[in-house]
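Asker: Below is a structure I'd like to ask you about.
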Amino acid sequence: MIHFVLLIGCALAIYLACEWFVNAVEWLGRRMKVGTVAVGTVLAAIGTALPESVVTFVAVVFGTTPEQRDIGVGAAMGGPLALATVAYGVIGWSLLARKRGATEDWGDLNKLATDQTWFAAVFVVKVALGVVAFSIKPWLGILFFLVYGVYFWREMRQDDDHDEGELHPLKLQKNKRQPQTWAVLVQTLGALAVIFAASQLFVKQLDIVGPMIGLPAAVTALLLAPIATELPEIMNAVIWVRQGKTKLALANISGSMMIQATVPSGLGLLFTPWRFDNALLTAGAVTLVAVLYLLVTLRSGRLTVSRLSIAAIFYGVFAIALVPSLGNA
């Protein structure tokens, strides 16, 4: 029973910490004088992707067994899958819950489509490298870091006009119209620390609770753990949608996908053989199909709340496609 209580407690802690984080990161963006979209694609994305990136780094660099390093490789594939399917689907569900329909202000859909195109191009190379072996392959990991560096530079230089309205007062200084910089930094870093600790404890409790309710360890690792590690990004999106800031919610997911496609992959290429089994190849294929679905919807100008919600179905497709692999495990 204690593990179930801890699981629920961690989820609540992550949500509350995300409330403080999104509040602080918007002020941080204003202090840094970056565009509104860059707050989501870069500042918020880096903050929420940092915990799982650290886990991947520790697994692939300091792991002493192939199994430990495989955890990092699995995280590098599971994260983008969860974001491209469940995270976008949750945004759609959240909008449906708010009874907001086809007239939703999505912001610059061309920008979102461009981000997804960047992701798809990088992800295809990432998956292709998982099925081949050659002497200089590990050094290609550096290229993935460079790609994210270009994306980061491009995002931070954008001067968008998408104003998301007046910022809510900083929670640490509710009575100040303009909070002090030290308070913004303290709230940002403090919220991230709670998110990191609660996320790690959440995943550990999930590993315990899964077998307790009869789920095979492989199901927990391949299906539930990716969603658990991406919970901060999903919570951020829910909070921003609730505040009527849909553009920031979408930007946070697309920016997080770019980080997940590059940084963990670069680490994996540098420190592991980076060879994919059937389960990882299945994850890669479903991720690409989900992104292509979103791209076609965006490019045709047919994005609606309902069509965005459908993205989550692809995670169910992954679960069904994974059954043969689990049977052979």
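Asker: Positive end of the dipole of the chain, charges at C-beta (+1 Lys, Arg; -1 Asp, Glu), about the Cα centre: which of Val73, His168, Gly255 has its Cα farthest in that direction?
Answerer: My answer, from the dipole projection, is His168.
Asker: Please compute the modelled spin-label separation between Thr181 and Val58, points set 7 Å along Cα→Cβ, answer in nm with one decimal.
Answerer: The two pseudo-label positions are separated by 3.2 nm.
Asker: Also, quick follow-up: Could you order the peptides 181-193, 228-240 from most to least packed, using the average number of other C-beta atoms within 10 Å per residue?
Answerer: Sorting 181-193, 228-240 by mean packing, highest first, produces 228-240, 181-193.
Asker: Hey, another quick one. Through the Karplus equation 6.51 cos²θ - 1.76 cosθ + 1.60, θ set to phi - 60°, convert the phi angles of the stretch 81-87 into ³J(HN,Hα) values in whole Hz; use x for Gly and Pro.
Answerer: Computed from phi, the couplings for the stretch 81-87 are 4, 5, 5, 5, 10, 5, 4 Hz.
Asker: Longer than 31 Å from Cα to Cα, which of Lys176/Lys204; Lys33/Lys176; Lys137/Lys245 are they? Say none if no pair is.
Answerer: With Cα atoms farther than 31 Å apart: Lys176/Lys204; Lys137/Lys245.
Asker: Counting only Cα atoms, I'd like the Rg/Rh figure for the stretch 175-329, Kirkwood definition for Rh.
Answerer: 1.01
Asker: Could you tell me the center-to-center distance, by alpha carbons, between the stretch 183-203 and the stretch 217-267 in angstrom?
Answerer: 15 Å
Asker: So what is the 222 nm mean residue ellipticity for the chain from helices alone, if each DSSP H run of at least 4 adds -39500 (n - 2.57) and you divide by all residues, rounding to the nearest 500 deg cm²/dmol?
Answerer: The helix-only estimate for the chain comes to -23500 deg cm²/dmol at 222 nm.
Asker: Through the Karplus equation 6.51 cos²θ - 1.76 cosθ + 1.60, θ set to phi - 60°, convert the phi angles of the stretch 189-199 into ³J(HN,Hα) values in whole Hz; use x for Gly and Pro.
Answerer: 5, x, 5, 5, 4, 5, 4, 4, 5, 5, 5
Asker: Would you mind classifying the stretch 131-209 by shape? Square roots of the alpha carbon gyration tensor eigenvalues, ordered a ≥ b ≥ c; an a/c under 1.5 is rounded, otherwise it is prolate if a/b is larger than b/c and oblate if not. Could the numbers behind the result be given before it?
Answerer: On the way: a/c = 3.06, a/b = 1.41, b/c = 2.18.
Taking the square roots of the gyration eigenvalues as a ≥ b ≥ c, the stretch 131-209 is oblate.
Asker: Taking only the Cα atoms of the chain, how large is their convex hull per residue, in Å³?
Answerer: On the way: hull volume 45.1 nm³, N = 329.
Hull volume over Cα atoms, normalised by residue count, gives 137 Å³.
Asker: Okay, moving on. Using a Gaussian network for the chain with springs between C-alpha atoms less than 10 Å apart, which of these wobbles most: Leu95, Leu143, Leu298?
Answerer: Top of the fluctuation ranking is Leu143.
Throughout, read-outs are computed from the coordinates displayed, never taken from laboratory work. All figures in this text were calculated on a predicted structure; none of them were measured in a lab. Positions of Cβ are generated from backbone atoms using ideal geometry, with glycine treated the same way; all protein chains shown enter the neighbour counts.
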